[in-house]
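In what follows, a structure is listed as structure tokens, so that the remarks can point back to it.
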Amino acid sequence: MVSASRIFDSLALNGTVHAERHDVFSGWFSSLRSSLRRMAHIWHEADDPDALETVGYIQRMLSEWLTVPIAFDEVLTDKLEPLGTPAFLERRWGADMGNLCQAALDAAAQLRGMASPLAVLVGEKICQLQANQVDFRVFCHRSAVPAFNQLIAAAGGTALPPEAFLHSCRDYRECVPFETLVKVGPLRARGWGAVPDALITAPRFTRLLQFVWSGCFDEPEFGYDPVSSSAASGAPLPQTEAMPSSPMGSALLWSRQVHQADDADDTTFATPPPDDDEFRMFRDFRETTARESRQAVLVQVNDEHGILYPPLARVLCFDPSQHDVHCLGYRVVGDSLTETCFVIRPSLQTEGAGTLQAQHGRFSQIWKSCLRRRLEENAEALIHDLDAAGLDLTWLSPALHHWAKPPTTVIHAPQQKRHFEILMRVLKADFTSVAPARFRDKPLWQFAWQEVCHSRGEAIHAGFVNHAQEDESLREVLVSMVAEIRDLAAAGSSFTLALPGGRAVAGTAFFDRVVVIEDGFRASDQNMRVAHPLNEIEKWRV
């Protein structure tokens, strides 16, 4: 931990913090953003769960593009594919939606092969910092690191070591004072590209290099604005002003300069389309549904999945750093739950319950095999059959290929039960080989759905277990297996533990290694304590 006196000494020595903001414009990129914003507005007003899912996808896509120095390549077009074709959207949502989709595809096609003015500028500035041997850090999401190193390499620089990146409040709190901080995207306390308020209230640097796409403003309430209330507008404000709320009082000054940059070689847009603030738009969307959700903390358990918990929730965990039976117990999210722990997710069957317990993967092996076969034989015919049966998701084609993947932390499957039922009916999956004879007169797809729910940790929502009683019974069984658990955990990765029969509980326990703990989410109770793909969790980021 860096001492407070060292931070204050650094601030006193430098006296002034220089904030240099670069507002970047690209005509075709603005056109792409505008089309997606208008599509999101239309879908947000629709009383349709699938439409709202699509809004969440657009939010994740735009949020990434506006906070990561992405390249303009075929990835832009690939990201639009899940939205559907213009013809499909026109048939389902009307001519305006089809036209907007076509406009977005046209803009993405024009951008392919163009140099992103923001990425070029960021690469040039970082290379200048390297050439001048400046001590600097980059604040970004972990997933953005490859994008930064790619643009630095393109500009002739050297890839940055891991310690040059800051990803969290803790990273910032533990770093020693340095000269320059690089930030792509607006200053926001929550959500994509979020940074701690301490960047403003307790800076550990003397220069802030900020790069933003046109129309994206800093949060008005972020920290304390060191310049003036008009600073968030992006207007050029070269001035110097004291920040009385800083630990250094009036001794700490901020200076602010704003520069404009664009793709000067592109003269297509004589009158550039205006850029709105997507982050503000999505915040307005969230306010309409805030009453149905509450704050949540993300516990990421591998590269693809995470679990949302209410703040300060008690979670059954295994902590290999603890001795004896104390390694198994309840940890508090946001407090005693740390990145050394394994979150324990049970898939249990109470002895004598008299219901079918689907073992992990037995049913999914059958229906996923059917799905892969149909996709290989004629994917278009399968999509047509599913659409006719009522499974008319906007991004059905990529969803089918995702569901066909083998199980990992969870069993990849439709999120809604009614969609899963349609999929099973169209696939005509035969589960009789894995179902006991006494259950074969029942709809066996329901047991396949139960298996999916258990893999996500949804048993409490589906009504299959009494959560509190089962957790305590599970802990008692696990305490007797501590030696085996320690051996399995020694590899450092997630693992599955089969529970012995003849005990209070039977079934399987999934031990998920905690990778990252991050706040800044809002979700409904039914989406808490459930394993979700990380890209889906992004729709709950605030």
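The values are calculated or read from the model by the stated rules, or taken from the named source; none is laboratory data. Small disclaimer: the values here were computed from a predicted structure and weren't measured. For neighbour counting, all protein chains shown are included, and Cβ atoms are generated from backbone atoms with ideal geometry for every residue, glycine included.
Below, the figures for the structure above:
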quantity: Some residue of the stretch 501-508 being buried (at least 18 other Cβ atoms within 10 Å of the Cβ), of a type in the set (D, E, K, R) and out of contact with any Cys (no Cβ under 8 Å at 6 or more places or on another chain); calculated: no
quantity: Test: residue in the stretch 124-142 that is part of a helix (DSSP H, G or I) and under 24 Å from D303 (Cβ atoms); calculated: yes
quantity: Unmet requirement for A389, which otherwise passes all of (1) exposed (fewer than 15 other Cβ atoms within 10 Å of the Cβ); (2) at pLDDT 85 or above; (3) out of contact with any helix residue (DSSP H, G or I) (no Cβ under 7 Å at 6 or more places or on another chain); calculated: (3)
quantity: Which listed residue is outside the structural domain of L391 (by TED's automatic domain parsing), surrounded by 18 or more Cβ atoms within 10 Å (Cβ to Cβ) and either of a type in the set (K, R) or assigned to a helix (DSSP H, G or I) (or both), from A87, A109, A104; calculated: A104
quantity: Among (1) without any contact (Cβ under 8 Å) to a residue 24 or more places away in the chain; (2) surrounded by 15 or more Cβ atoms within 10 Å (Cβ to Cβ); (3) more than 27 Å from the chain's Cα centre (by Cα), the one test that V145 misses; calculated: (3)
quantity: Any hit, the stretch 26-37, residues being on the phi < 0 side of the Ramachandran plot, touching a Cys at 6+ places or on another chain (Cβ under 9 Å) and not polar (S, T, N, Q); calculated: no
quantity: Yes/no for R475 being surrounded by fewer than 20 Cβ atoms within 10 Å (Cβ to Cβ), modelled with pLDDT of 80 or more and under 21 Å from V332 (Cα atoms); calculated: yes
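Residue-by-condition table, conditions (1) basic (K, R); (2) over 19 Å from the mean Cα position of the chain (by Cα); (3) buried (at least 22 other Cβ atoms within 10 Å of the Cβ); (4) farther than 16 Å from G98 by Cα:
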| site | (1), (2), (3), (4) |
| --- | --- |
| G27 | no, yes, no, yes |
| L32 | no, yes, yes, no |
| R38 | yes, yes, no, no |
| H41 | no, yes, no, no |
| A46 | no, yes, no, no |
| L52 | no, no, no, yes |
| R60 | yes, no, no, yes |
| E64 | no, no, no, yes |
